[in-house]
Amino acid sequence: MTSINEGTVSKRKGKRVKKELRTFATQTIDDLFEKFYHAKLAEGRATRTLHQYKENFRYFTYFLDYKSLSRNIDTITTDVIRNYVVFMKNEKIQFEDHNYKPNDCKKVGLSPCTINTRLKTLRVMFRFFVDEDLIRSNPMKQVKDVNEPQEEITILTVDELRRLLDVPNKRSYSDFRDYVIMNLLLDTFLRISEALSLTANDIDFSAKVVTVRATVAKSRKSRIVPIKNTTANLLKDLIKENEEFETDHVFVSNYGEQMDRNHFRKRLKGYAKETGITKNVHPHLFRHTGATMFLEAGGDIRHLQMLLGHADLRMVMRYTHLSKQALINQHDKFSPLNAVIGKLNKKRKILR
């Protein structure tokens, strides 16, 4: 009987025996991150997602170096990652690398949301390492997200929106462009990254809709969003203004380059300051505000889900924060007591 060489073929014909797990104990996490990054690049992940992978990996390796910990992959354990969480909560300074941030913004301890965002990249990365047989066990498996308090998100009032829209000088190109962006965000609930990625070809003026391409949508699924006539006319005017630039993008800088969201965020804060609005005004606030006003006006939550581009209805609830006055009005209108004692609830003389 012919013997079978160890580590070659098993008793079942043609099936190879896997004697040991392929490990890269001598490799650093940097080596494996390169494999992870190129795999995600090959899968067609969005540019923003790839950038986030790099940034969050950089934050983690900064922690390893800061604490004089090894970058060898076999030394990165669950305890190391938990220590990283504690470091972010109790030691890391917010905006530490931002030279132009005022000192009063540089507080100790990152927000739970920021910490969980950074952990999300590590979770995806280590899961990839396990799936590719690059490590034996996943150190992230036992690491839980930091509890995020569900704080009520402030939205803009109608008066504040009117004041904001009244600030830009419509005779100035950059101000008019910002005015169009604000109108579009409020009308469509688009994310700022989706809005700034729009090209002229994404707008169907006859059907009055804009298409959010799958390549720029956060969900990686394209969707069609209606626009009002006023928004369509503003977009037409802006596109006409852009004719001297060699670009298809709708929102561009004074030099014809695609508008940067951080630049718009700064300009928006400037408008808010000029109006005296003390709330933290940022582009995503238009999405929160628009979604809330849509529901308050009687809009259907399923339709809102389609407009926002969320597959999970639970995600839609995070974007809709009905104002207290709206809740009071709805309760007053639909309370069961209206049917039970409504007819008796009249002014009457009390006998003494």
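The values are calculated or read from the model by the stated rules, or taken from the named source; none is laboratory data. All values reported here derive from a predicted model rather than from experimental measurement. Every residue, glycine among them, receives a Cβ derived from its backbone with ideal geometry; neighbour counts consider all protein chains shown.
Would you mention how many residues in the stretch 107-157 are in contact with a Lys or Arg (Cβ under 7 Å, 6 or more places away or on another chain), of a type in the set (D, E, K, R) and under 26 Å from Gln94 (Cβ atoms)?
Counting residues in the stretch 107-157 that are in contact with a Lys or Arg (Cβ under 7 Å, 6 or more places away or on another chain), of a type in the set (D, E, K, R) and under 26 Å from Gln94 (Cβ atoms) gives 0.
Out of the residues in the stretch 189-222 that are part of a helix (DSSP H, G or I) and touching a helix residue (DSSP H, G or I) at 6+ places or on another chain (Cβ under 7 Å), which is farthest from Met315 (Cα to Cα)? Write out each step before concluding.
Going residue by residue through the stretch 189-222, those that are part of a helix (DSSP H, G or I) are 192-196, 200-202.
After this cut, where a residue has to be touching a helix residue (DSSP H, G or I) at 6+ places or on another chain (Cβ under 7 Å) as well, the list is 192-193, 195-196, 200.
On the way: Ile192: 18, Ser193: 18, Ala195: 20, Leu196: 23, Ala200: 30 Å.
The selected residue is Ala200.
Against the condition in the same structural domain as Ser253 (by TED's automatic domain parsing) and under 27 Å from the mean Cα position of the chain (by Cα), how does Arg171 come out, does it pass? Give the steps one after another, and end with the answer.
Values: in the same structural domain as Ser253 (by TED's automatic domain parsing): yes; under 27 Å from the mean Cα position of the chain (by Cα): no.
So Arg171 fails the test.
Looking at the stretch 256-267, is at least one residue touching a strand residue (DSSP E or B) at 6+ places or on another chain (Cβ under 8 Å), in a helix (DSSP H, G or I) and over 30 Å from Glu151 (Cα atoms)?
no
In the stretch 241-259, is there at least one residue being within 24 Å of Asp159 (Cβ to Cβ) and either assigned by TED's automatic domain parsing to the domain that holds Arg45 or out of contact with any Pro (no Cβ under 6 Å at 6 or more places or on another chain) (or both)?
First, the residues of the stretch 241-259 that are within 24 Å of Asp159 (Cβ to Cβ): none.
The answer is no; no qualifying residue exists.
Looking only at the stretch 111-154, which residues are over 17 Å from the mean Cα position of the chain (by Cα), under 30 Å from Lys279 (Cβ atoms) and aliphatic (A, V, I, L, M)?
Val146 - this is the single residue of the stretch 111-154 that is over 17 Å from the mean Cα position of the chain (by Cα), under 30 Å from Lys279 (Cβ atoms) and aliphatic (A, V, I, L, M).
Looking only at the stretch 190-218, count how many residues are within 19 Å of the chain's Cα centre (by Cα) and loosely packed, with under 14 Cβ neighbours inside 10 Å.
2
Take Phe251 and decide whether it is within 20 Å of Lys170 (Cα to Cα) and touching a Gly at 6+ places or on another chain (Cβ under 7 Å).
Details: within 20 Å of Lys170 (Cα to Cα): yes; touching a Gly at 6+ places or on another chain (Cβ under 7 Å): no.
When the stated conditions are applied, Phe251 does not pass them.
I'd like the full set of residues that are among the charged types (D, E, K, R), farther than 30 Å from Ser222 by Cβ and at pLDDT below 80, limited to the stretch 308-352.
Residues of the stretch 308-352 that are among the charged types (D, E, K, R), as a first pass: 312, 314, 318, 324, 332-333, 343, 346-349, 352.
Applying the additional criterion that residues be farther than 30 Å from Ser222 by Cβ yields 324, 332-333, 343, 346-349, 352.
Answer for the stretch 308-352, where residues must be among the charged types (D, E, K, R), farther than 30 Å from Ser222 by Cβ and at pLDDT below 80: Lys324, Lys343, Lys346, Lys347, Arg348, Lys349, Arg352.
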